[in-house]
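The next block holds one structure in the form of structure tokens; read it before the comments.
The values are calculated or read from the model by the stated rules, or taken from the named source; none is laboratory data. Everything quoted here is computed from the prediction, not taken from an experiment. Don't worry about glycine lacking a Cβ; one is built from the backbone with ideal geometry, like all the others, and counts go over all protein chains shown.
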């Protein structure tokens, strides 16, 4: 950096060009700050959107997993009921066969 005295001398002797250069420097710095602020806000909004998107996906996956578990459980229950029904039908068939056999002996 320049010593303070040299900087003051340049500012005093430079006239309008130095003042304009200082204005441009200040304006550039201000615009850069605004651009950085806009970028930071955009990053925050993007992060919020990603978080919401991730939450929706997790919720949908959870629902799908729950539905899959429910379907598997219902199929298992139906299989058990069908097996019991099959056993009862076999028992009824045996009883009917026994009744037929008794009628054949009697008749």
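Here are a few things to note about the model shown:
- Filtered residue count, region 14-23, keeping only those that are surrounded by 10 or more Cβ atoms within 10 Å (Cβ to Cβ) and out of contact with any helix residue (DSSP H, G or I) (no Cβ under 7 Å at 6 or more places or on another chain): 6
- Any chance residue 26 is surrounded by 10 or more Cβ atoms within 10 Å (Cβ to Cβ) and at pLDDT below 95: yes
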